[in-house]
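The values are calculated or read from the model by the stated rules, or taken from the named source; none is laboratory data. If you're wondering where the values come from, they're calculated on a predicted model, not measured in any experiment. Cβ coordinates were reconstructed from backbone atoms using ideal geometry, including for glycine residues, and neighbour counts include every protein chain displayed. All accessible areas refer to the heavy atoms of the entire protein, side chains included, with ligands and DNA or RNA removed. Shrake-Rupley method; radii C 1.70, N 1.55, O 1.52, S 1.80 Å.
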Amino acid sequence: MALHSARKARGCWSFIRALHKGSAASPTPQVPEHTQLSWILSCMVRLPRLQHLHQWKAKTAKQKHDGTAGLLTYPVLQAADILLYKSTHVPVGEDQVQHMELVQDLAQSFNKKYGEFFPVPKSILTSMKKVKSLRDPSAKMSKSDPDKLATVGITDSPEEIVRKFRKAVTDFTSEVTYEPAGRPGVSNLVALHAAVAGLPVQEVVRRSAGLDTARYKLAVADAVIEKFAPIKREIEKLKLDKDHLEKVLQAGSAKAKELAHPVCQEVKKLVGFL
């Protein structure tokens with residue numbers, strides 16, 4: 001919960017900065033224990049282990065193998081985020097399972113060297129383990145994708161959502177089926193539809209009988225718009241209450257600091273810094 005509070009606080013701060021640019025904004029609250037533990041953990045992991053992580057390989061390939069040290073060590077910072085609050089279970093997407101294995105290994109390595117201290121956290125996977133790109137169903141949906149039609153954002157207008165689903169990659173077969181290996185594009189739409197509607201994929205396919213893929217894209221877009229509508233309304237409401245957002249930011253930061261500081265201090269004692 002503390003980690004959620006810290007991330008919520010950082011998210012709120014980014015939101016406020018976007019709404020109120022300039023010197024009127026207050027300084028970003030910090031929980032320096034995250035980076036302190038990250039540095040300690042980075043001393044316990046070998047370079048080849050980080051270089052073999054799938055996301056490092058994929059992202060550096062896109063950058064013509066010119067990735068930064070920050071990108072390379074980011075999974076260690078993720079590990080610090082988790083271990084600092086002695087988390088036991090972590091909800092993750094399928095693409096983060098390998099990073100969670102690193103977290104588990106770091107916890108076990110630390111415990112082996114300094115005594116039982118960190119719980120070894122377990123991954124929690126949802127039924128929809130990975131949201132795929134609308135333009136390339138072999139890749140995950142990512143907000144950093146340069147193709148703006150590939151990703152649907154919660155704050156997108158209904159018109160934008162419809163346009164993105166109209167342009168979604170499918171194939172030349174008009175029937176709606178769920179065959180991830182043979183029809184990844186339309187299967188991605190079915191999976192998205194099932195997720196936002198809270199239905200099994202088989203039920204989504206049954207209800208879509210008789211629709212061609214062109215009309216089905218619009219049906220999925222409508223389901224996504226309906227799912228996002230109350231969230232968008234809440235965002236608009238929060239935009240009007242800067243004071244509330246700042247209070248959430250401060251409370252989340254203070255709670256995270258309260259929990260993180262003693263754990264980090266104990267780690268420093270165990271490794272001999274204090």
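Given (1) surrounded by 13 or more Cβ atoms within 10 Å (Cβ to Cβ); (2) assigned by the TED database to the domain that holds Ile154, identify the lone condition not met by Ala256.
(2)
Determine, yes or no, whether Lys242 is in contact (Cβ under 8 Å) with a residue 40 or more places away in the chain and open to solvent by 50 Å² or more (accessible area, probe 1.4 Å).
Taking the combined requirement at face value, the residue satisfies it.
On the basis of being over 17 Å from Lys132 (Cβ atoms), assigned to a helix (DSSP H, G or I) and in contact with a helix residue (DSSP H, G or I) (Cβ under 6 Å, 6 or more places away or on another chain), does Ile225 make the cut?
Details: over 17 Å from Lys132 (Cβ atoms): yes; assigned to a helix (DSSP H, G or I): yes; in contact with a helix residue (DSSP H, G or I) (Cβ under 6 Å, 6 or more places away or on another chain): yes.
Yes.
Identify, by number, the condition in (1) open to solvent by less than 50 Å² (accessible area, probe 1.4 Å); (2) over 16 Å from the mean Cα position of the chain (by Cα) that Met44 doesn't meet.
For Met44, the exception is condition (1).
Identify all residues within the range 99-109 that are surrounded by 15 or more Cβ atoms within 10 Å (Cβ to Cβ) and either more than 11 Å from Val45 (Cβ to Cβ) or touching a helix residue (DSSP H, G or I) at 6+ places or on another chain (Cβ under 6 Å) (or both); write none if there are none.
Correct list: His99, Met100, Leu102, Val103, Gln104, Leu106, Ala107.
Any chance you could count how many residues in the range 228-254 are among the aromatic types (Phe, Trp, Tyr) and outside any helix (DSSP H, G or I)?
Qualifying residue count for the region: 0.
As an exercise: evaluate Asp81 against (1) at pLDDT 95 or above; (2) more than 26 Å from Lys257 (Cα to Cα) and give the number of the one condition it does not meet.
Result: Asp81 passes all but (2).
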